[in-house]
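Read the structure below first, then the notes.
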Amino acid sequence: MLNISVLISGGGTNLQAIIDACEAGLDAKVVGVVSNRENAYGLKRAKKHHIENHYIGRNYTSRKERTEVLIKTLEELNTDLVVLAGYLEILDASFIKAFENKIINIHPSLIPKYAGKGYYGMKVHEAVIRNNELYSGASVHFVDEMVDTGQIIIQESIKVNQDTPETLQKRVLAIEHRILIKSIEKIIHHEI
Ligand code: GRF
């Protein structure tokens, strides 16, 4: 069974999708949730499902200490896979090294478009609409030391209709949940 630790910063609907998939029979277990925001709703989701959860953020003075505590926490959870689900912190190279090829991220665009520094959350959908893109979508990729640049695992696109950034975000989020689970299934079955 794959031990998954999920890093969040916000609402945690992607985390919820993983929790629900595990409860529905996915051969994995969410062993821990870590947020860099103390009030992230995703922490409440973890508590509701009796999943160990930690706030690791400004309660640690230095980035170095935060990273050391994060690595130690995930190692103590016997983490096999780290899932970044709306985690808005740039991970230190030492973290990437500690979990090399075991970190995946869900991004709300068709990478490499609208990815990298400054492209996250609603900013992505606002830029897609502003540029009159015909298509948008979501991507799951392995995390390397740059931002949103690792090997793509799954991408899925949708046509941009008369969308507002809000309606597009909602439609893309549904794709995120689906391809995130599909990506984890691929990893469980050693298809990647
Ligand atoms: C999602 O749009 C995800 O693609 C992005 O941050 C958002 C997180 O949403 N990385 P949630 O916290 O999982 O609901």
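The values are calculated or read from the model by the stated rules, or taken from the named source; none is laboratory data. All of these numbers come straight from a predicted model, not from anything done at the bench. As a convention, Cβ positions derive from the backbone with ideal geometry for all residues, glycine included, and neighbour counts pool all protein chains shown.
Run down Leu43, Leu15 and say which single residue is without any contact (Cβ under 8 Å) to a residue 40 or more places away in the chain, within 15 Å of the ligand (Cβ to nearest atom) and touching a strand residue (DSSP E or B) at 6+ places or on another chain (Cβ under 6 Å).
One residue alone meets the criteria, Leu43.
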Fill in the blank from the handout: Asn161 meets each of (1) more than 22 Å from Ile8 (Cβ to Cβ); (2) at pLDDT 95 or above with one exception, condition (2)
Fill in the blank from the handout: Checked the stretch 149-192 for anything of a type in the set (D, E, K, R), within 14 Å of the ligand (Cβ to nearest atom) and either out of contact with any Ser or Thr (no Cβ under 9 Å at 6 or more places or on another chain) or not in a helix (DSSP H, G or I) (or both); matches are Glu156, Glu166, Lys170, Arg178
Handout entry: Filtered residues of the stretch 24-56 (kept if closer than 19 Å to Gly10 by Cβ, assigned to a loop (DSSP other than H, G, I, E, B) and in contact with a helix residue (DSSP H, G or I) (Cβ under 7 Å, 6 or more places away or on another chain))
Key = His49, Ile56
Problem - Qualifying residues in the stretch 115-150 (those that are at positive phi and at pLDDT 95 or above) - the one nearest to the chain's Cα centre (by Cα) - result: Gly137
